Amino acid sequence: MQKKTWLLIALLLVIVGLLFTVGCQKKAVSQAKAPAPAPAPAEQKAAPKPVAKPPAGWNISQNNIYFEFDRSTLTPMAQDTLMRHAAWLRENSNATATIEGHADERGTNEYNLALGDRRADSAKAFLVDLGIAASRLTTISYGEERPLCMDQTEECWAKNRRGHFALN
Amino acid sequence: MRRRITLYILIMSVILLGPSLSAAEYDVIDITKPFLRKIPLAVPEFKNASGSGAEKQSSYKAAEFLSDSLDFTGYFKLLDRGAFLFDPEASGVTLTDLNFPNWTVVGAELLVTGYYRLDGDNIAIELRLFDTFKARRVLGKKYTGKLANQRNIILRFCTEVIKYLTGSEGVFGSKIAFVSNGTGNKEIYISAFDGYNPRRLTTNNAITLFPAWSSDSKWLAFTSYKAGNPDLFIRNLAAARESKVSKQGINITPAWAPGKFELAATLSFSGDQEIYLLTGSGKIIKRLTKSRGIDVTPTWSPDGKKIAFVSNRSGSAQIYIKDLATGRVNRLTYEGQKNTQPSWSPRGDKIAYTSQMGGEHHIFTIGTDGQNPVQLTYEPRDNESPSWSPDGSLIAFSSDREGPNRIYVMTAFGTDQRRLLVLAGEQTNPKWSMNHQNN
């Protein structure tokens with residue numbers, strides 16, 4: 001009996017959540033189906049295990065996620081980081097964040113602005129799937145306009161291909 | 001030799017048939033030919049009316065500027081004045097006074113002479129173009145005006161010369177907009193076609209990118225982060241009034257439809273980067289692309305019937321052409337890892353673009369049928385953002401070949417690559433306007 005009630009409550013929560021996030025769900029779907037033969041087949045729909053608590057001292061603005069060259073799909077490592085971000089956002093329920101999508105300097109700046117936009121959207125869609133309200137997350141793309149690292153090395157480019165979470 | 005005969009025939013037909021011929025019939029220079037020979041041109045110092053110091057000084061400047069401006073086109077080989085058997089103080093500059101063998105012997109096939117008068121701040125300049133082998137005057141013009149307008153007067157004559165030789169208006173009435181970060185922020189600047197008089201247009205104190213001229217050069221659209229988000233601004237240059245497209249996501253890469261108060265741009269408010277057709281005041285008319293993934297950087301065919309754009313629908317960034325009437329989309333580029341920044345030639349036959357090659361970027365042109373991709377730049381490292389001159393004879397682009405990114409110009413065939421200007425900071429995203437304005 002009690003089990004049933006809990007199930008009902010859970011179902012209701014899911015439905016309410018869906019109502020709130022319907023706009024972003026679309027994004028998540030389009031993201032998952034993006035023509036990306038990337039070595040990250042897990043993707044958003046693989047029902048990630050929610051992390052109950054973020055590690056001590058975790059702060060979303062100090063933990064970037066990183067992308068592969070010319071890709072906006074989330075690597076397993078990025079998904080891992082985002083699960084901790086979700087836990088942190090659940091604990092800090094008043095916090096809102098801007099997700100910045102960045103690209104490395106290879107490629108041209110028009111395309112990289114679009115790529116950064118997709119990267120920020122992927123991260124947002126993943127967090128929304130984990131139950132974070134879409135209204136707490138805004139996105140912005142900076143493309144290749146704000147590099148962290150200026151050298152011509154793969155190591156440096158990898159640092160620049162990032163999603164950064166700025167607390168509002 | 002053959003060209004000379006052609007020139008002779010063409011000049012004769014101009015003389016016989018008068019000026020009612022259409023442009024194409026008296027083209028002396030065929031600007032569609034890739035390896036055209038430069039025509040040896042002599043521009044001696046002008047003959048001065050009074051010989052005063054001030055007159056000599058501004059007259060010398062005028063002759064230099066005329067010489068530089070014609071040289072800018074890439075059509076001519078300017079001959080060294082030191083070899084000329086000509087003393088502007090003693091010799092005449094008209095058909096009857098000139099001794100043409102003195103010019104043919106130094107190799108000149110074309111000759112421009114000037115007769116210059118400075119009177120207070122007024123100038124009167126007679127300018128003549130001669131075919132030295134035929135000993136004929138092919139152009140003769142007299143201009144009067146203020147000394148302060150000397151640049152425009154000289155450019156008007158240069159336009160006549162180019163119109164006579166190529167049948168097209170040339171580039172002398174055009175401007176170049178570009179992005180420079182000299183103030184610490186990327187802002188939009190505008191200079192004359194030759195880099196003269198660069199002025200900052202925007203004071204957004206924020207990243208500002210992708211300038212785009214309307215066909216009448218009265219409007220400039222661009223993207224700026226001045227309100228935080230990458231929004232699209234459409235500015236009336238004369239009235240300094242702006243409208244704004246500020247939707248969630250990116251609002252970038254505007255491109256004006258030829259001859260219309262409409263523009264295409266990439267917006268991502270739907271969650272996907274698609275190209276839309278907007279009114280000149282920023283209202284959406286309709287969506288032009290429909291494909292999951294990135295669709296960005298539209299460029300219009302000169303007849304306004306097609307757009308070329310960048311899409312990653314095949315997995316990597318490549319250029320596609322969409323026929324707007326039929327809705328049909330064809331992939332244009334197949335070679336190279338990433339091909340972006342398409343720019344459709346005003347002559348209609350070619351598209352210039354940027355190809356990523358290993359760690360470098362180089363500029364290519366390709367036929368609109370996808371045939372014959374040709375690499376135009378080889379200097380390391382990044383050569384980007386090709387933009388055609390209004391007559392399709394030159395391409396402006398940015399390059400970091402000398403360190404910082406600067407604006408360069410080359411011919412449509414990749415020859416005569418030179419830096420356009422030096423400013424503080426780095427310069428990128430050049431966009432060439434049509435011919436409309438005084439320079």
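The values are calculated or read from the model by the stated rules, or taken from the named source; none is laboratory data. In this text the structure is predicted, and so the values were computed from the model without any measurement. Positions of Cβ are generated from backbone atoms using ideal geometry, with glycine treated the same way; all protein chains shown enter the neighbour counts. Areas reflect the complete protein model, heavy atoms only, side chains present, ligands, DNA and RNA absent. Shrake-Rupley method; radii C 1.70, N 1.55, O 1.52, S 1.80 Å.
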Legend entry - Residues that are out of contact with any Gly (no Cβ under 9 Å at 6 or more places or on another chain), open to solvent by 20 Å² or more (accessible area, probe 1.4 Å) and assigned to a loop (DSSP other than H, G, I, E, B), drawn from the stretch B:265-289: B:SER281, B:LYS283
Legend entry - Scan of the stretch B:68-116 for residues that are in contact (Cβ under 8 Å) with a residue 40 or more places away in the chain, touching a helix residue (DSSP H, G or I) at 6+ places or on another chain (Cβ under 7 Å) and not hydroxyl-bearing (Ser, Thr, Tyr), ordered by number: B:LEU70, B:PHE86, B:VAL106, B:LEU111, B:VAL112, B:GLY114
Inset, instruction - All but one of (1) closer than 19 Å to B:GLU360 by Cα; (2) more than 9 Å from every other protein chain (Cβ to nearest Cβ); (3) open to solvent by less than 10 Å² (accessible area, probe 1.4 Å) hold for A:MET150, so report the exception by its number. - result: (3)
Legend entry - Test result for B:GLY259, under 22 Å from the mean Cα position of the chain (by Cα), at positive phi and open to solvent by 10 Å² or more (accessible area, probe 1.4 Å): yes
Inset, instruction - Considering (1) in a helix (DSSP H, G or I); (2) open to solvent by less than 40 Å² (accessible area, probe 1.4 Å); (3) touching a helix residue (DSSP H, G or I) at 6+ places or on another chain (Cβ under 8 Å), say which one B:LYS163 fails and leave the rest. - result: (2)
Legend entry - Yes/no for A:GLU100 being in contact (Cβ under 8 Å) with a residue 60 or more places away in the chain, more than 11 Å from chain B (Cβ to nearest Cβ) and part of a loop (DSSP other than H, G, I, E, B): no
Legend entry - Failed criterion for A:GLU110 (all others in (1) open to solvent by less than 10 Å² (accessible area, probe 1.4 Å); (2) within 10 Å of chain B (Cβ to nearest Cβ); (3) without any contact (Cβ under 8 Å) to a residue 40 or more places away in the chain; (4) part of a helix (DSSP H, G or I) hold): (1)
Legend entry - Output for the stretch A:90-103, where each listed residue is closer than 30 Å to B:THR428 by Cβ and surrounded by fewer than 23 Cβ atoms within 10 Å (Cβ to Cβ): A:THR98, A:GLU100
Legend entry - Residue under evaluation A:ARG136, criteria (1) without any contact (Cβ under 8 Å) to a residue 60 or more places away in the chain; (2) more than 24 Å from B:LEU209 (Cα to Cα); (3) in contact with a Phe, Trp or Tyr (Cβ under 9 Å, 6 or more places away or on another chain), criterion not met: (3)
Inset, instruction - Report, by residue number, each residue of the stretch B:390-439 that is among the β-branched types (Val, Ile, Thr) and either out of contact with any Asp or Glu (no Cβ under 9 Å at 6 or more places or on another chain) or assigned to a loop (DSSP other than H, G, I, E, B) (or both). - result: B:ILE395, B:ILE407, B:THR411, B:THR415, B:VAL422
Inset, instruction - Give just the number: which of (1) β-branched (Val, Ile, Thr); (2) outside any helix (DSSP H, G or I); (3) within 14 Å of chain B (Cβ to nearest Cβ); (4) over 30 Å from B:ASP400 (Cα atoms) does A:ILE132 not satisfy? - result: (3)
Inset, instruction - Consider A:GLU105 carefully, then state whether it is at pLDDT below 95, within 14 Å of another protein chain (Cβ to nearest Cβ) and more than 22 Å from B:ILE207 (Cβ to Cβ). - result: no
Inset, instruction - Go through the stretch B:290-328 and give me each residue that's touching a residue at least 12 places away in the same chain (Cβ under 8 Å), more than 14 Å from chain A (Cβ to nearest Cβ) and either open to solvent by 10 Å² or more (accessible area, probe 1.4 Å) or farther than 23 Å from B:ASN251 by Cα (or both). - result: B:TRP300, B:PRO302, B:ASP303, B:GLY304, B:LYS305, B:LYS306, B:ILE321, B:LYS322, B:ASP323, B:LEU324, B:ALA325
Inset, instruction - Kindly provide the set of residues from the stretch B:400-414 that are open to solvent by less than 60 Å² (accessible area, probe 1.4 Å) and away from every other protein chain (no Cβ under 14 Å), ordered by number. - result: B:ARG401, B:ARG406, B:ILE407, B:TYR408, B:VAL409, B:MET410, B:THR411, B:ALA412, B:PHE413, B:GLY414
Legend entry - Residue selected from the stretch B:102-159 under the condition in contact with a Ser or Thr (Cβ under 9 Å, 6 or more places away or on another chain), assigned to a strand (DSSP E or B) and over 15 Å from B:PHE46 (Cα atoms), by the criterion most open to solvent (accessible area, probe 1.4 Å): B:ARG137
Legend entry - Test result for B:ASP194, farther than 25 Å from B:GLU384 by Cα, open to solvent by 10 Å² or more (accessible area, probe 1.4 Å), in a loop (DSSP other than H, G, I, E, B) and not aromatic (Phe, Trp, Tyr): no
Inset, instruction - Give me a count of the residues in the stretch B:197-245 that are within 14 Å of chain A (Cβ to nearest Cβ) and either within 23 Å of B:LEU155 (Cα to Cα) or in a strand (DSSP E or B) (or both). - result: 11
Inset, instruction - Restricting attention to the stretch B:354-366, report how many residues are touching a strand residue (DSSP E or B) at 6+ places or on another chain (Cβ under 7 Å) and open to solvent by 10 Å² or more (accessible area, probe 1.4 Å). - result: 2
Inset, instruction - Evaluate the following for A:ALA87: is it open to solvent by less than 10 Å² (accessible area, probe 1.4 Å), on the phi < 0 side of the Ramachandran plot and either in contact with a Pro (Cβ under 7 Å, 6 or more places away or on another chain) or at pLDDT below 95 (or both)? - result: yes
Legend entry - Subset of the stretch B:246-264 (residues that are within 14 Å of another protein chain (Cβ to nearest Cβ) and either touching a residue at least 40 places away in the same chain (Cβ under 8 Å) or assigned to a strand (DSSP E or B) (or both)): B:ASN251, B:ILE252, B:THR253, B:PRO254, B:ALA255, B:ALA264
Legend entry - Conditions (1) open to solvent by 10 Å² or more (accessible area, probe 1.4 Å); (2) assigned to a helix (DSSP H, G or I): number failed by B:LEU85: (2)
